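Trainee: Can you read through this structure? Questions will come right after.
The values are calculated or read from the model by the stated rules, or taken from the named source; none is laboratory data. Bear in mind the structure is a predicted one, so any value in this text is a computation, not a measurement. Here Cβ is always computed from backbone atoms with ideal geometry, including for glycine, and neighbour counts include all displayed protein chains. Just the protein is used for accessible areas: all its heavy atoms, side chains included, with ligands, DNA and RNA removed. Shrake-Rupley method; radii C 1.70, N 1.55, O 1.52, S 1.80 Å.
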Amino acid sequence: MKDMFCFQCEQTAKGTGCEVSGVCGKTPPVADLQDKLVGACIGLAKAVKKTAATEATDACIKKALFTTVTNVSFDEESLKIMVDCVDKMKAELDPAAVDYDMAKLWDDNEDIRSLKTLILLGVKGVAAYAHHAAILGYKDPIVDAFFYEALDAVGSDLGMGELLPLVLKTGEINLACMALLDKANTETYGTPVPTEVPLTIEKGPFIIITGHDLHDLKLLLEQTEG
Ligand code: SF4
């Protein structure tokens with residue numbers, strides 16, 4: 001019996017999957033909560049399919065998927081709050097909608113699991129870009145609609161013939177979303193230009209920044225000015 005299962009990044013244990021604890025530091029309870037969160041998002045996608053998406057469901061599904069990307073959040077309390085939030089939204093749209101059990105995906109036939117995982121991990125990445133673009137006020141309804149289509153497919157009994165086109169569409173949507181984030185960033189902060197930076201090692205303390213959240217970076221620079 002595995003303590004957890006996650007194989008979503010290149011650090012994954014033995015190149016096959018983290019099953020005892022995450023190489024990244026993710027614990028089994030966090031992995032379980034992230035699975036619950038994705039399962040709740042699949043339930044929400046099914047509820048939206050029966051009713052209609054709203055600005056609130058769009059924002060919620062982007063934030064929730066982004067939260068499950070590697071190293072974004074290992075905080076159990078905030079993950080529980082997010083699961084409750086997605087579940088509440090889902091119940092308001094369709095009281096009969098149920099969360100998807102991610103164990104079904106991890107234990108599925110390997111071809112189906114591979115295709116569904118390509119779609120799922122793909123939309124997690126798209127959600128990160130779309131979430132950051134939305135913070136700057138930029139959205140693309142085609143990108144937003146795809147989250148529901150993709151998650152509904154992951155939680156449905158589909159064959160390779162139906163999943164393969166969705167894998168390709170995930171790539172197309174990802175490209176569109178990268179263009180959206182680029183537009184959001186360049187229209188908000190200007191076109192990046194090569195800039196000389198000092199390479200001398202100063203005495204700490206330091207704040208090390210990675211990633212593509214330019215809005216957070218701006219806030220941080222403002223707060224540490226001087
Ligand atoms: S995200 Fe963490 S737990 Fe998942 S595969 Fe990567 S290292 Fe392992």
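Trainee: For C6, which sequence-distant residues (separation of 5 or more, or a different chain) have an amide H within less than 5 Å of its own amide H, given hydrogens modelled in the peptide plane?
Mentor: C18
Trainee: Which of the peptides 30-43, 49-62, 4-17, 183-196 is most tightly packed, and how do the rest follow, judged by the mean count of other Cβ atoms within 10 Å per residue?
Mentor: 30-43, 49-62, 4-17, 183-196
Trainee: Could you work out [θ]222 nm for the chain from helices alone, using -39500 (n - 2.57) per DSSP H run of at least four and dividing by all its residues? Round to the nearest 500 deg cm²/dmol.
Mentor: Theoretical 222 nm ellipticity from helices: -20500 deg cm²/dmol.
Trainee: Next up: Any chance you could run the full-extension gain for D157 through A91? It's 0.36 nm times the residue separation minus the Cα-Cα distance, nm to one decimal.
Mentor: Residue separation times 0.36 nm, minus the Cα-Cα distance, leaves 21.5 nm.
Trainee: Grab the Cα-Cα distance for A145 and V98, subtract it from 0.36 nm times how many residues apart they are, and report the gain in nm with one decimal.
Mentor: Between A145 and V98, full extension yields 14.9 nm more.
Trainee: With every protein chain present, what is the per residue accessible area of the range 13-189 (1.4 Å probe, Å²)?
Mentor: Ligands and nucleic acids excluded, the result is 47 Å² per residue.
Trainee: Determine the share of the range 70-226's accessible area contributed by carbon and sulfur atoms, expressed in whole percent, with a 1.4 angstrom probe.
Mentor: Percent of accessible area from carbon and sulfur atoms in the range 70-226: 59.
Trainee: Pop out the Kirkwood hydrodynamic radius of the range 1-135 from its pairwise C-alpha distances, inverse of mean 1/r, in Å to one decimal.
Mentor: One decimal place: 15.3 Å for the Kirkwood radius.
Trainee: Between E225 and E196, how high is the FRET efficiency from 1/(1 + (r/R0)^6) when r is the Cβ-Cβ distance and R₀ = 22 Å? Nearest 0.05.
Mentor: 0.60
Trainee: Given the C-alpha centroids of the range 155-226 and the range 16-30, what is the distance between them in whole angstrom?
Mentor: If you average the Cα positions of each part, the centres end up 25 Å apart.
Trainee: Based on the mean of other Cβ atoms within 10 Å per residue, sort peptides 126-135, 100-109 so the most packed one is first.
Mentor: Top to bottom by mean Cβ count within 10 Å: 126-135, 100-109.
Trainee: If you don't mind, there's one more thing I want to ask. Span-like helices, the chain: DSSP H, alpha-carbon axial extent 30 Å or more, mean Kyte-Doolittle -1.0 or greater, which ones?
Mentor: 28-50, 110-135, 160-189
Trainee: Using a simple charge model, +1 on the beta-carbon of Lys and Arg, -1 on the beta-carbon of Asp and Glu, nothing else, what dipole does the range 1-117 show about its Cα centre, in debye to the nearest 20?
Mentor: With only Lys, Arg, Asp and Glu charged at Cβ, the dipole is about 240 debye.
Trainee: May I ask you to derive the FRET efficiency for D108 and K169 from their Cβ-Cβ distance with R0 = 22 Å, giving the value to the nearest 0.05?
Mentor: That pair, D108 with K169, gives E of 0.60.
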